[in-house]
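> Submitted below is the structure of interest, expressed as structure tokens.
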Amino acid sequence: MTYEFNERTMRRGTLSYKWDQGQTLFGDDEVLPLWVADMDFKCSPAIIQAVTERAAQGIYGYTIRSKDYLNAITGWFQRRHGWNVDESWLTDSPGVVPSLSLAVQSLTEPGDEIILQSPVYNPFYDVIQRNGRKLAESPLLLKNGRYEMDYEKLETLMSGGAKLLLLCSPQNPGGRVWTKEELVRLGDLCVKYDVKVIADEIHCDLVFPGHQHFPFASLSEQFAERTITCLAPSKTFNMPGLSTSFTVISNPRLKRRFDERIHALSIGSVNFFGPPATIAAYNESEPWLDALLTYVAANQEFAISYLSNHLPALVPVRSEGTYLLWLDCRALGLDSKQLKQLMYKEAKIAFNEGSIYGREGEGFLRINLACPRDLLVEALDRFTAAVNARNK
Ligand SMILES: Cc1ncc(COP(=O)(O)O)c(C=O)c1O
């Protein structure tokens, strides 16, 4: 079966967070949005069918999770990642970010230090600081165009009393798919200093050929017992509007503490569309995902070669996974305000401005590659024209 990733679907006027906030966020409805991480591709035919049939039932009542739903999740992680997840380890949650926040609350006390590795997905800062915890930053090291962990800094922070590490694996926005060796070295430090781990692995299925995702908790018993893994089919299968995600916690003590937070807020029931969509995703949409990854990888190759031909001073950080391209624009010599002016006002495009991911992101932009090729071309053309007009 072939899938039409080249098809441009009109999303304006659909209450789209990405497409219908041009005026509000960027001051112009004509801005082309290649920012927030949702894809401009229709879901797999199996998911569309499952959701359509579900909608046709016409009564949208409270929903329970079924054995099929749990099997779909455990089957997927077994098949795709070689990870044996017991269904008793699963807790449903309306989103990965809410899970991150509740996990922070359940594993630490106000005032505790929590480590993140910047530049990183911006809500990581919020779930630490808005919960009254302290940020302990270990910036990633950009070496030969590839991010690496700074183990010395990590060890300093852990030996200095940090209680928890927020791991982004694969990493957004740097596009790293951490190797087994890197994760084991990190995990060994966490064991040595008794640091707990929240592993945000929402991008785990979005990995390009030549790379492999290793679920952190699957690497050893000791890692598993200190880890809350946050997952969802939403990023992989483009269904974030269905508010369907889950955590995996094999340590019963940690799970009780996390579940207590979920119950306190009464947010544990699943979305009406969640189970059928998840079953269709994990059981029937693997060929769609493989085709998607081929398409996005080709978009990345296209963008990298386009940039090297048209804007050679800008340096893309090649992604190993995710559908995001991190672009070093420091050669333009613009601060974050000027980069926004360049994007929104002059080029009429919206990539994400890099400083929201941490100080180290200053001068970078993040481009969402999960769109039809012609849209990517249009955005890059507009961006190039605006940069050239400035440099005249
Ligand atoms: C690393 C990471 N975690 C979480 C999310 C969002 O998760 P959710 O929409 O389930 O809260 C994203 C979305 O881009 C992400 O990149």
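The values are calculated or read from the model by the stated rules, or taken from the named source; none is laboratory data. Keep in mind it's a predicted model, so treat the numbers as computed, not measured. Virtual Cβ from ideal backbone geometry, glycine too; neighbours counted across all protein chains shown. For accessibility, only protein heavy atoms count, side chains too; no ligands or nucleic acids. Shrake-Rupley method; radii C 1.70, N 1.55, O 1.52, S 1.80 Å.
> Taking the Cα of ALA331, stepping 7 Å toward and past its beta carbon, and measuring to each backbone N in segment 369-392: which are under 13 Å?
Under cut-off, by backbone N: 388.
> Let me ask you something else. Would you mind checking which residues have amide H under 5 Å from VAL207's amide H? H placed 1.01 Å from N; only 5 or more apart, or other chain.
Close amide H contacts, sequence-distant or interchain: THR322.
> Please list the non-local residues whose amide H lies under 5 Å from the amide H of LEU140, H modeled 1.01 Å from N, same-chain partners needing a gap of 5 or more.
Counting only residues 5 or more places away or on other chains, the set is SER118.
> Let me ask something else about it. Using the per-residue mean of other Cβ atoms lying within 10 Å as a proxy for protection, in what order, highest first, do the peptides 60-66, 342-348 fall?
Working: 60-66: 11.3, 342-348: 19.3.
The packing order, highest mean first, is 342-348, 60-66.
> In terms of modelled amide H atoms, which long-range or inter-chain residues lie less than 5 Å from the amide H of ILE349?
Counting only residues 5 or more places away or on other chains, the set is LEU32, TYR344.
> Applying the Karplus parametrisation 6.51 cos²θ - 1.76 cosθ + 1.60 with θ = phi - 60° to the phi angles of segment 169-174, what ³J(HN,Hα) value in whole Hz is obtained for each residue in order, glycine and proline being reported as x?
Result, rounded to whole Hz: 9, x, 7, 10, x, x.
> Related question: I need the phi-derived Karplus couplings for segment 115-130: 6.51 cos²θ - 1.76 cosθ + 1.60, θ = phi - 60°, integer Hz, Gly and Pro marked x.
Calculated HN-Hα couplings, in order: 8, 10, 10, 8, x, 8, 2, 4, x, 4, 5, 5, 5, 7, 6, 6 Hz.
> Next question, about the same structure. Given the pairs LYS153/LYS180; LYS134/LYS348; LYS348/LYS392; LYS42/LYS67; LYS196/LYS337; LYS345/LYS392, which span a C-alpha to C-alpha distance of over 29 angstrom in this model?
Cα-Cα > 29 Å for LYS134/LYS348; LYS196/LYS337; rest within.
> Follow-up. Figure the gain on full extension for SER305 and HIS263 (residue separation times 0.36 nm, minus the Cα-Cα span) and round it to one decimal in nm.
Gain in length upon complete extension: 10.1 nm.
> With viscosity set to 0.692 mPa s and temperature to 37 °C, compute the Stokes-Einstein D of the chain, Rh being the Kirkwood radius across alpha carbon pairs; µm²/s, no decimals. Walk me through the intermediate numbers first.
Numbers: Rh = 21.7 Å.
The diffusion coefficient I find is 151 µm²/s.
> Separate question: If I model segment 185-245 as equal point scatterers sitting on the Cα atoms and use the Debye formula, what is log10 I(q)/I(0) at q = 0.19, 0.21, 0.25, 0.29 Å⁻¹?
Evaluating at q = 0.19, 0.21, 0.25, 0.29 Å⁻¹ gives log10 I(q)/I(0) of -0.76, -0.86, -1.00, -1.15.
> Moving on to the next point. Give me the accessible area per residue for the chain, probe 1.4 Å, as a whole number in Å².
42 Å²
> Okay, next question. Considering only protein heavy atoms and a 1.4 Å probe, what is the carbon-and-sulfur percentage of the accessible area of the chain?
50 percent
> Can I ask one more? With r defined as the distance between the Cβ atoms of THR179 and GLU87 and R0 fixed at 35 Å, what FRET efficiency is calculated, to the nearest 0.05?
That pair, THR179 with GLU87, gives E of 0.75.
> For the chain, modelled as a GNM with alpha-carbon contacts under 10 angstrom, which of HIS213, HIS203, HIS263 fluctuates the most?
With Cα springs under 10 Å in the chain, the top fluctuation among HIS213, HIS203, HIS263 is at HIS263.
> Please compute P(r) over all alpha-carbon pairs of segment 1-45, binned at 10 Å starting from zero, and give each bin as a whole-number percent.
25, 50, 20, 5, 0
> Give me the number: length gained by fully extending ASN388 to ALA298, i.e. 0.36 nm times residue separation minus the C-alpha to C-alpha distance, one decimal in nm.
On the way: separation 90, 0.36 × 90 = 32.40 nm, distance 2.57 nm.
So the chain would gain 29.8 nm between ASN388 and ALA298.
> With a Förster radius of 25 Å, plug the Cβ-Cβ distance of ASP28 and ILE48 into 1/(1 + (r/R0)^6) and report the FRET value to the nearest 0.05.
On the way: r = 32 Å, r/R0 = 1.27.
Working from the Cβ atoms, E equals 0.20.
> Just the Cα atoms of segment 60-284: what Rg and Dmax do they give in Å?
16.7, 53
> Taking θ as phi - 60°, what are the ³J(HN,Hα) couplings along segment 105-110 by the Karplus curve (6.51, -1.76, 1.60), each to the nearest whole Hz, with x for Gly and Pro?
Listing the rounded values in order: 5, 7, 9, 9, 10, x Hz.
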